[in-house]
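The values are calculated or read from the model by the stated rules, or taken from the named source; none is laboratory data. Computed from a prediction, not measured in an experiment: that's the story for all the values here. Here the Cβ positions follow ideal geometry from the backbone for every residue, glycine too, while neighbour counts run over all protein chains shown. For accessibility, only protein heavy atoms count, side chains too; no ligands or nucleic acids. Shrake-Rupley method; radii C 1.70, N 1.55, O 1.52, S 1.80 Å.
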Amino acid sequence: MLDRHLHPRIKPALNRLVSLLDKPGITPDGLTLSGFAIGVLTLPFLALGWYPAALAAIVLNRLLDGLDGALARRRGLTDAGGFLDIALDFLFYALVPFGFALAAPAENSLAAAWLLFAFIGTGSSFLAFAALAAKHDIDNPGYAHKSFYYIGGLTEGTETIALFVLCCLFPAHFALFAWVFGALCWLTTTTRIWSGYVTLKSLNP
């Protein structure tokens with residue numbers, strides 16, 4: 001919901017920052033892999049209850065995720081880079097709820113499972129439509145800077161990262177946040193499936 005409004009506002013800052021990183025030894029894929037490696041540290045940090053460290057890893061992961069895209073746009077987007085970026089993003093999103101489940105299994109496991117279940121809905125509807133949008137050359141003016149079609153929704157990347165930040169700041173309330181956000185994810189999944197079906201049906205009535 002917020003991604004299309006936030007991206008144009010942070011894009012200039014990312015472009016200025018990435019101009020300092022545009023060196024021969026630095027590549028967009030390298031930034032993607034470095035960001036993911038830092039993001040993976042979130043899992044043990046959460047499992048150990050080191051919530052400030054987990055929050056720092058999440059923020060750095062997202063910063064590098066923005067910078068890899070900015071550098072890719074500067075040098076030219078590639079399908080391989082876009083694939084690597086989105087695949088590792090979804091893995092990162094999944095490991096955060098798992099980390100909270102490890103931190104407090106009795107209190108968080110069921111809510112974490114609900115959240116992961118909801119992420120499957122948002123992720124599968126997102127990727128399925130992206131694949132078919134590419135097949136039919138459907139334009140996406142709201143996210144023209146992306147490697148492939150981004151279908152919007154109530155819970156997108158911005159909202160998900162806001163959830164992770166809140167959970168790290170207030171870990172005792174993870175279960176409540178997860179139940180509520182999971183429900184919002186299912187609203188997103190429902191609207192994506194419906195709008196995607198209607199859009200594709202109109203192409204092949």
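Points worth noting:
- Residue in segment 77-85 that is part of a helix (DSSP H, G or I), of a type in the set (Val, Ile, Thr), in contact (Cβ under 8 Å) with a residue 12 or more places away in the chain and touching a helix residue (DSSP H, G or I) at 6+ places or on another chain (Cβ under 8 Å) present: no
- Matching entry among Asp65, Asp29 (being part of a helix (DSSP H, G or I), crowded, with 17+ Cβ neighbours inside 10 Å and of a type in the set (D, E, K, R)): Asp65
- Just one of the listed residues (Phe119, Phe92, Phe36, Phe100) is more than 14 Å from Cys167 (Cα to Cα), part of a helix (DSSP H, G or I) and touching a residue at least 60 places away in the same chain (Cβ under 8 Å), and it is Phe119.
- Scan of segment 51-78 for residues that are acidic (Asp, Glu) and more than 14 Å from the chain's Cα centre (by Cα), ordered by number: none
- Residue in segment 167-190 that is in contact with a His (Cβ under 8 Å, 6 or more places away or on another chain), within 26 Å of Leu60 (Cα to Cα) and modelled with pLDDT of 85 or more present: yes
- Residues of segment 82-123 satisfying the condition of being within 13 Å of the chain's Cα centre (by Cα) and among the polar types (S, T, N, Q): Thr122
- Restricting attention to segment 68-117 and to residues that are of a type in the set (Val, Ile, Thr) and open to solvent by less than 60 Å² (accessible area, probe 1.4 Å), the residue that is nearest to Phe170 (Cα to Cα) turns out to be Val96.
Residue by residue, here is whether (1) surrounded by 16 or more Cβ atoms within 10 Å (Cβ to Cβ); (2) touching a Cys at 6+ places or on another chain (Cβ under 7 Å); (3) modelled with pLDDT under 95 holds:
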position: Asp3; (1), (2), (3): yes, no, yes
position: Ile10; (1), (2), (3): no, no, yes
position: Asp22; (1), (2), (3): no, no, yes
position: Leu41; (1), (2), (3): yes, no, no
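- Search result, residues across segment 193-203 that are at pLDDT 90 or above and surrounded by 15 or more Cβ atoms within 10 Å (Cβ to Cβ): Ile193
- Given (1) over 14 Å from Asp85 (Cα atoms); (2) open to solvent by 20 Å² or more (accessible area, probe 1.4 Å), index of the condition Ala57 fails: (2)
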